[in-house]
Amino acid sequence: MLTVAVVLTYAALGTAIALNIWRLVRGPDATDRILALDTLTINVIGVVMLLGIAVGTKVYFEAALILAMMGFVGTVALSKYLLGGDIIE
Amino acid sequence: MSLWVEILVSLLLLVGGFFALVGSIGLARLPDSFTRMHAPTKATTLGVGSVVVALLVHGSATAGRPQLGELAISLFLFITAPVVAHVLSKAAFRALRTGSAAAPGDVGLADGKEPPPGAAVGAAEAATRAAGSTRP
């Protein structure tokens, strides 16, 4: 049962990542692209956690934590660049 | 691992996958920048948070003692999602005011017809120039 759930969640997250990439390529404004990148990072965190469940190790926990932090910092830096051209005021 | 733990982990995983998919469908389908910002910052955060809780339950059941390290990721995502939404909507609002983005509900961009960049700014400059030329 857990195997079926893991496969279904892989499929859902994979579809979500495909939709994010579609918005990243298509998105009319820069803010849409930044938002698509941020959502892509969050979905990839989900995939990494799911890989941790499927393989049964704790190794992927640190990778997910680092992805979360880098995604947040990158999104805020890109948005600040759009806001004023300066990242650190 | 007992049957009930397996049922709980499977349920959390399915809920997480569903909400992540809903958030990304909203990101792809909603009409303008501000509504698009609404879907991923809530639904996707809840979905991936649910996957993280599933991993927490699974890891605790496997190790035989509670392991709360995964809560750090979940907490971090929940704290940073509103910050990201706020900063991004500030950037989108500024782009809207300076005329370098499509107005909400403007479907002109959907079929590839982009307005000329800076059209509103150009019109404002032309108006200012016309007003200035009448001055002696």
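The values are calculated or read from the model by the stated rules, or taken from the named source; none is laboratory data. What you are looking at is a predicted structure, and each value in this text was computed from that prediction instead of being measured. Heads up, the Cβs are rebuilt from the backbone with ideal geometry, glycines too, and the neighbour counts pull from every protein chain shown. The area values use the complete protein model at the heavy-atom level, side chains included, leaving out ligands, DNA and RNA. Shrake-Rupley method; radii C 1.70, N 1.55, O 1.52, S 1.80 Å.
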So residue B:80, is it β-branched (Val, Ile, Thr), within 19 Å of residue A:75 (Cβ to Cβ) and more than 7 Å from chain A (Cβ to nearest Cβ): no
All-but-one check, residue B:25 against (1) facing chain A (nearest Cβ under 8 Å); (2) open to solvent by 70 Å² or more (accessible area, probe 1.4 Å); (3) more than 27 Å from residue A:4 (Cβ to Cβ); (4) hydrophobic (A, V, I, L, M, F, W, C), failing number (3)
Can you tell me which residues in segment A:14-34 are free of Cβ contacts under 8 Å to residues at least 40 places away in the same chain and facing chain B (nearest Cβ under 7 Å)? A:15, A:16, A:19, A:20, A:22, A:23, A:28, A:29, A:32
Could you check residue A:11 against (1) at the interface with chain B (Cβ under 7 Å from one of its Cβ atoms); (2) under 17 Å from residue B:47 (Cα atoms) and say which number it fails? (1)
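Yes/no per residue for (1) among the charged types (D, E, K, R); (2) assigned to a helix (DSSP H, G or I); (3) at pLDDT 85 or above:
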site: A:33; (1), (2), (3): yes, yes, yes
site: A:36; (1), (2), (3): no, yes, yes
site: A:41; (1), (2), (3): no, yes, yes
site: A:45; (1), (2), (3): no, yes, yes
site: A:52; (1), (2), (3): no, yes, yes
site: A:58; (1), (2), (3): yes, no, no
site: A:65; (1), (2), (3): no, yes, yes
site: A:68; (1), (2), (3): no, yes, yes
Give me a count of the residues in segment A:70-89 that are loosely packed, with under 14 Cβ neighbours inside 10 Å and under 15 Å from the mean Cα position of the chain (by Cα). 2
With criteria (1) farther than 14 Å from residue A:43 by Cβ; (2) surrounded by 15 or more Cβ atoms within 10 Å (Cβ to Cβ); (3) at the interface with chain A (Cβ under 7 Å from one of its Cβ atoms), residue B:57 comes up short on (3)
Looking at the structure I just gave you, is residue A:49 within 15 Å of the chain's Cα centre (by Cα), open to solvent by 30 Å² or more (accessible area, probe 1.4 Å) and not acidic (Asp, Glu)? no
Is one or more of the residues making up segment A:2-24 modelled with pLDDT under 90, crowded, with 19+ Cβ neighbours inside 10 Å and more than 11 Å from the chain's Cα centre (by Cα)? no
Does residue A:55 meet the test of being open to solvent by 70 Å² or more (accessible area, probe 1.4 Å) and at the interface with chain B (Cβ under 8 Å from one of its Cβ atoms)? no
